[in-house]
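The values are calculated or read from the model by the stated rules, or taken from the named source; none is laboratory data. All figures in this text were calculated on a predicted structure; none of them were measured in a lab. Using ideal geometry, Cβ is built from the backbone for each residue, glycine included, and neighbour counts are taken over all protein chains shown.
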Amino acid sequence: MFRKNPPRRPHGTAADDVYLRELGYEPVLTRRMGPFGNFAISFSVISVLSGCMTLYGFGLNTGGPAVMMWGWVAVGFMVMFVGAGLAEVTSAYPTSGALYFQAEQLGGRKFGWYTGWLNLLGLLGAIAGIDYGAALFTGAFLNLQFGFTPTEGKTLVIYLIILALHATLNLFGVRLVSILNSISVWWHLAGVTVIVGVLALVPAHHQSPGFVFGHFVNDTGWSSPLYVTLLGLLLAQYTFCGYDASAHLSEETTNAQVSAARGIMRAIGWSWVAGFILLGGLTFAIQDYAGTVGTATAVPPAQIFLDALGAGGAKALLLIVIAAQLFCGNAETAAASRMVFAFSRDGALPGSRLWRRVHSRTGTPRNAVWLAVCVAAVLALPSLYSPTAYAAITSINVIGITPAYAIPIYLRVRNRNKFRPGPWNLGRWGVPVGCVAVTWVVFVTVLFCLPQSRPDNGALFSVETFNYAPVALLCVLLLAWIWWRVAGRRSYEVPAHDFDRSADRFEEEVV
């Protein structure tokens, strides 16, 4: 008696494409990114050599060393909950749209719509923040090397050149992006090792452990130590952003349901460790606290390098940091462009037909790349006349992305019976982890909206110190509401998947 062979199940890329079709999308992007590349893009976007370095001066004034060090530990721990909740939902819905597609499937059209706008504008703000930070550090290096004076106009020119570089690199396909991100991982790890190692060995003087882990500084104008401590957490929370990049690149990743989820968790974990070591190394090496805060370079880490190593050593370490920031900006450009592509594919953006086009040879959404960098260029224009206004606009990064992380997690908890987990899941811990994640996001979102410094005249706020983040959040939501009324409710259409994956099928998945 002859028995028929059982039907062959698709494997590898074929299985990924089959599942994507089940979610309602025809595969058009090229799957050339492996698990390491997927982890690398989120690790590169988090970039401790970008976030920690750029905001180190903020930390010196807002709580000082003690809040920077212990705040990093506490925030990293809480972000692991957010990352775990997001990874679980990403495993179930691995698409370029990521957060908004997840919210759409679990909560309906309007949840998806507003999540998408928050996520998109947050990603575009992230490009602006990262690349402008790289321009500032580049200006500091040029100042040390050539006596270059980094005025607002010159810094903006450097910024536009960096944007053009990242756009060009992203036009060549996801393979190049993946290679650069893989290099970025080792560059970041080696860079942190070199910076901390040199700062530990070369200077004759180091701060005491009591100073690094216990010294509190309050130069905000507010009298409450508790309030200042909470404000100081923003350094870490600013840095721990962008790990949704793994989800946005999932349609270009093999074994996406597992790789993207693991990419999120590994990126957060390794960044948590590397950032703690980096902050400790910098703080132990401070030679003159007041001089570091008031440095003429406008970049406190550069002053630490100068005081500890001299001009030659400072320039060498600045080059390491600048290269890491360039890697970070390139990865963020890739993530933002995929979000533009996905949102346009579902008819959410003006001119969607143009932005969702994919280049036939490279499999890259080139128009989406150009749109992402052009919007980022516009966001930086206020830096010509108001550093405060620019800081407000780039705060869209966190004020947009952080709530967008919580929405699909919240919907997964609220609609736990509707949610069908993917092969990477938290099991019975999914709901409690999700509750902790959502609570933390609500807390930090409110925190980002509070005034961060008080005017010298004792007033509650002034034009120079006003925190524009709540205004930015309201503008984003208002824009989303207006476009929904004008066109979105007619043009926006996300595929609905109504299949049911049984437990038997999940047992056959590779976890």
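Points worth noting:
- Under the condition of being more than 21 Å from Asn425 (Cβ to Cβ) and within 16 Å of the chain's Cα centre (by Cα), the residues counted in the range 73-95 number 2.
- Residue within the range 262-273 that is at pLDDT 95 or above and among the charged types (D, E, K, R) present: yes
- Among the residues making up the range 234-257, those that are within 22 Å of Ile179 (Cβ to Cβ) and in a helix (DSSP H, G or I) are Ala245, Ser246, Ala247, His248, Ser250, Glu251, Glu252, Ala256.
- Qualifying residue in the range 104-113 (condition: within 24 Å of Ala480 (Cα to Cα) and either acidic (Asp, Glu) or part of a loop (DSSP other than H, G, I, E, B) (or both)): yes
- Tally, over the range 33-55, of residues that are among the small types (Gly, Ala, Ser) and more than 30 Å from Ala140 (Cβ to Cβ): 2
- Restricting attention to the range 289-338, the residues being within 27 Å of the chain's Cα centre (by Cα), not in a helix (DSSP H, G or I) and not β-branched (Val, Ile, Thr) number 1.
- Here Asp16 passes the criteria (1) at pLDDT below 90; (2) assigned to a loop (DSSP other than H, G, I, E, B); (3) under 20 Å from Arg338 (Cα atoms) except the one numbered (2).
- Taken across the range 139-161, residues that are among the aliphatic types (A, V, I, L, M), under 19 Å from Tyr238 (Cβ atoms) and part of a helix (DSSP H, G or I) do not occur at all.
- Of residues in the range 217-233 being in a loop (DSSP other than H, G, I, E, B) and more than 28 Å from the chain's Cα centre (by Cα), the one farthest from Ala290 (Cα to Cα): Ser224
- If you go through the range 341-372 and keep only what is of a type in the set (D, E, K, R), in a helix (DSSP H, G or I) and either without any contact (Cβ under 8 Å) to a residue 12 or more places away in the chain or under 22 Å from Trp113 (Cβ atoms) (or both), you end up with Arg345, Arg353.
- Residue in the range 49-60 that is touching a helix residue (DSSP H, G or I) at 6+ places or on another chain (Cβ under 6 Å), under 30 Å from Gln257 (Cβ atoms), buried (at least 24 other Cβ atoms within 10 Å of the Cβ) and not aromatic (Phe, Trp, Tyr) present: yes
- Arg9 satisfies every condition listed in (1) farther than 14 Å from Glu251 by Cα; (2) at pLDDT 90 or above except (2).
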